[in-house]
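Data block below; observations after.
The values are calculated or read from the model by the stated rules, or taken from the named source; none is laboratory data. Just so we're clear, the structure is a prediction, and the values are computed from it rather than from any experiment. Please note: Cβ atoms are built from the backbone with ideal geometry, for glycine as well, and neighbour counts cover all protein chains shown.
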């Protein structure tokens, strides 16, 4: 029976789709049979990020409408035989998602895959609820800036209210992924540090991903950063994926904390 | 403000600390506003009362604070008969 992860955020543009793509590839690299589903109906993007946009024939709305079955709509990745992808439609609107049909789809996926990632749309409408309903865990993607953190708190507050698992008295895992950390700004105390974000949101840290210009290049070419061996963000996603697969990996030192130097240490004494 | 910060004239508080303080206050207020005990039950009861008289499409309940006044806003969308 597979494990379902909903990848959510309050605010848009924080890197949900990038995270979904990279973690799906990462867990597939770890040998888990993985599927990643784009739930952002009407704004499909995951296909581009994965470089699979030319392979989409059927999407999730065709499954909802009964025009295609799951095996017809699933797209197998060329590079990794463990990785499959289910696209969102670019045209139809969110109302095609019906709760019973979504449940049926997710049950099917759980039977056939080890790891199921649901790339949620931003905010709290439509597709977001569908990804929460049947998720075993949620991964909340946040950037170290005020609006993203505030909106994340709002969605975290909604998870238990919307989750079937929570209603049945079980615990839904809530994990935080801090994306786009700028070590220089952290060093200068001009960006909110991880510990402070965890203080405010009180959720479990899953991982930290540094700002990395290669993410743009990766989306340009449809080759996610986790496949770029020299990319810092890619390395972080690799480690987070291993963590998701149960490996005990120490947290990424993206903030470069020890490089304070002698003056920093002396200053520390006088605080 | 540490001794050294003062010594080197760094009087201004760094913005990460300002962000944290502002967030703590904003989020505490958000949480307070979104917290109504037994909201689901209240919603269900309101719906059952209203449905004796009209058909309802949607009901939205939100809590708001205006100045020192707490307001509970209940928005009911009535099913169109057309």
(message) I'd like to check something: does the stretch B:28-36 contain any residue that is at pLDDT below 90 and away from chain A (no Cβ under 12 Å)?
(response) no
(request) Might you let me know whether the stretch A:139-162 holds any residue that is surrounded by 17 or more Cβ atoms within 10 Å (Cβ to Cβ), under 23 Å from residue A:61 (Cα atoms) and either within 13 Å of chain B (Cβ to nearest Cβ) or modelled with pLDDT of 90 or more (or both)? (result) yes
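I'd like to check something: does the stretch A:32-41 contain any residue that is farther than 19 Å from residue A:124 by Cα, touching a helix residue (DSSP H, G or I) at 6+ places or on another chain (Cβ under 9 Å) and surrounded by fewer than 16 Cβ atoms within 10 Å (Cβ to Cβ)? Outline the logic, then answer.
Our first condition is that a residue be farther than 19 Å from residue A:124 by Cα; within the stretch A:32-41, this holds for A:32-36.
Adding the requirement that they be touching a helix residue (DSSP H, G or I) at 6+ places or on another chain (Cβ under 9 Å) leaves A:32-36.
Those still in the list that are surrounded by fewer than 16 Cβ atoms within 10 Å (Cβ to Cβ) too: none.
No, that holds for no residue.
I need a count of the residues in the stretch A:1-14 that are farther than 17 Å from residue A:137 by Cβ and in contact with a helix residue (DSSP H, G or I) (Cβ under 8 Å, 6 or more places away or on another chain). Don't jump to the end; show me each part of the working.
First pass over the stretch A:1-14, keeping only residues farther than 17 Å from residue A:137 by Cβ: A:10-14.
Next cut, in contact with a helix residue (DSSP H, G or I) (Cβ under 8 Å, 6 or more places away or on another chain) only: A:10-11, A:14.
Looking only at that region, the number is 3.
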(request) Report whether or not residue A:234 is out of contact with any strand residue (DSSP E or B) (no Cβ under 7 Å at 6 or more places or on another chain) and at positive phi. (result) no
(message) Please go through (1) under 19 Å from residue A:243 (Cβ atoms); (2) crowded, with 20+ Cβ neighbours inside 10 Å; (3) out of contact with any helix residue (DSSP H, G or I) (no Cβ under 8 Å at 6 or more places or on another chain) for residue A:18 and return the number of the only condition it doesn't satisfy.
(response) (3)
(message) I'd like to know if the stretch B:58-69 contains one or more residues that are at pLDDT 90 or above, within 13 Å of chain A (Cβ to nearest Cβ) and closer than 30 Å to residue A:192 by Cβ.
(response) no
(message) Filter the stretch A:163-211 down to the residues that are more than 20 Å from the chain's Cα centre (by Cα), in a loop (DSSP other than H, G, I, E, B) and within 14 Å of chain B (Cβ to nearest Cβ) and list them by number.
(response) A:188, A:189, A:190, A:191, A:192, A:193
(request) Those residues that are assigned to a helix (DSSP H, G or I) and under 26 Å from residue A:99 (Cβ atoms), I need them from the stretch A:22-57; list them, please. (result) A:23, A:24, A:46, A:47
(request) Quick one: count up the residues across the stretch A:179-195 that are buried (at least 19 other Cβ atoms within 10 Å of the Cβ) and more than 20 Å from residue A:15 (Cα to Cα). (result) 0
